[in-house]
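The values are calculated or read from the model by the stated rules, or taken from the named source; none is laboratory data. Predicted model, so just to flag it, every value in this text is computed and none were measured. Every residue, glycine among them, receives a Cβ derived from its backbone with ideal geometry; neighbour counts consider all protein chains shown.
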Amino acid sequence: MVARPSSRPPVPPYRRCELSTPGHDLKMLTRAAGSSADLVLMDLEDGCAPSRKVAARGIVAEAARTLDWSGKVLAFRSNGLGTPYFLDDLLEVVGEAGEFLDLLVLPKITSAEEVRYVDRLLTQLEWRSGLELGRLRLEVLVETARGVLHAEEIAHASPRMAALLFGIYDYAGEVGTLVGEDTFTDLSYPRQALLAAARSAGLLALDGITSRYKDLALTRREAERSRQMGFDGRWAIHPSQIDVIQQAFTPTKDELEVAARRLATYREADRDGKGAIGLGEEMVDEATVRVEQRKVALGRRLGLLPP
């Protein structure tokens, strides 16, 4: 069997905002397709009522096939491996619309073996559907205590892996954290563990949701904290949060100018055989310019800087 070429462009190497949208509501999915989110996630898990989960598969497949997803990464979240819905989620959605999808988001993953199991299933479905082998990537939600403790193994489990995502509320519920005003202090350890695991495997790292979605000031503060911590982006659960989150994860013109100047200064010093130099009141060396390199790389990917 000859694999059909995908009509989808390559998955962009950034995700500032991922919009989660209930998979049972075609009107909401249509609005999501017209949004500015970098990624839209069609949700069959928590965002979909149990009574709608079976019917939602067909709606998700229809939305993937018929809506215009140009400029976006298109993903769907299946139900968990330990549920009676999981296998049919994959069979129906990937079987009917696999060539239009970029990613599968896996919830409540606790081990590398679970990722490898899904990898093998996807390979079988790609074979059966005549899709390019390995083209469907994986984003894994780390949202349990066991998942956090195995985050590094999970990150390296499959070449399909694209990102790790932190599920704040499921994790907090399992370990007993009382979610208050400052989840970054209360849940610092699992965030750092996920970040380290993702970076060790060259993956993107995404932070969780701001549940008070009408509070855009809080949405902005939490997005800025996530970016400061090192995350690449954050989930949105309402379209009103998208622009606030995307702005927080987009380097400003001033940031990019400073970053480019620091990099240029460091490269010039390196040509002169200097390993570290002073720039204003700061020291610039190979370690301190790494953050600037990430900013400049993102600026180029977003078209804010020339290639």
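So here's what we get for this one:
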{"item": "Residue check for Ala197: among the aliphatic types (A, V, I, L, M) and over 29 Å from Glu292 (Cβ atoms)", "result": "no"}
{"item": "Matching option when the condition is surrounded by fewer than 18 Cβ atoms within 10 Å (Cβ to Cβ), among the acidic types (Asp, Glu) and within 23 Å of Asn79 (Cβ to Cβ), among Glu174, Glu143, Glu181", "result": "Glu174"}
{"item": "Residue within region 18-35 that is under 20 Å from Arg135 (Cβ atoms) and either touching a Phe, Trp or Tyr at 6+ places or on another chain (Cβ under 9 Å) or not small (Gly, Ala, Ser) (or both) present", "result": "yes"}
{"item": "Asp46, sole failed condition from (1) surrounded by 22 or more Cβ atoms within 10 Å (Cβ to Cβ); (2) part of a loop (DSSP other than H, G, I, E, B); (3) touching a residue at least 60 places away in the same chain (Cβ under 8 Å)", "result": "(1)"}
{"item": "Subset tally (residues that are within 22 Å of Pro159 (Cβ to Cβ), free of Cβ contacts under 8 Å to residues at least 60 places away in the same chain and surrounded by 24 or more Cβ atoms within 10 Å (Cβ to Cβ)) for region 184-214", "result": "3"}
{"item": "Hits in region 231-242 (condition: buried (at least 16 other Cβ atoms within 10 Å of the Cβ) and not β-branched (Val, Ile, Thr))", "result": "Phe231, Asp232, Gly233, Arg234, Trp235, Ala236, Pro239, Gln241"}
{"item": "Any hit, region 215-230, residues being assigned to a loop (DSSP other than H, G, I, E, B), surrounded by fewer than 20 Cβ atoms within 10 Å (Cβ to Cβ) and not hydroxyl-bearing (Ser, Thr, Tyr)", "result": "yes"}
{"item": "Glu126 being in a helix (DSSP H, G or I) and in contact with a Lys or Arg (Cβ under 8 Å, 6 or more places away or on another chain)", "result": "yes"}
{"item": "Some residue of region 154-177 being outside any helix (DSSP H, G or I) and at pLDDT below 90", "result": "yes"}
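Every residue, every condition in (1) over 24 Å from Phe166 (Cα atoms); (2) among the basic types (Lys, Arg); (3) in contact with a helix residue (DSSP H, G or I) (Cβ under 7 Å, 6 or more places away or on another chain); (4) surrounded by fewer than 23 Cβ atoms within 10 Å (Cβ to Cβ), yes or no:
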{"residue": "Ser78", "(1), (2), (3), (4)": "no, no, yes, no"}
{"residue": "Glu96", "(1), (2), (3), (4)": "yes, no, yes, yes"}
{"residue": "Leu101", "(1), (2), (3), (4)": "no, no, yes, no"}
{"residue": "Ala112", "(1), (2), (3), (4)": "no, no, yes, yes"}
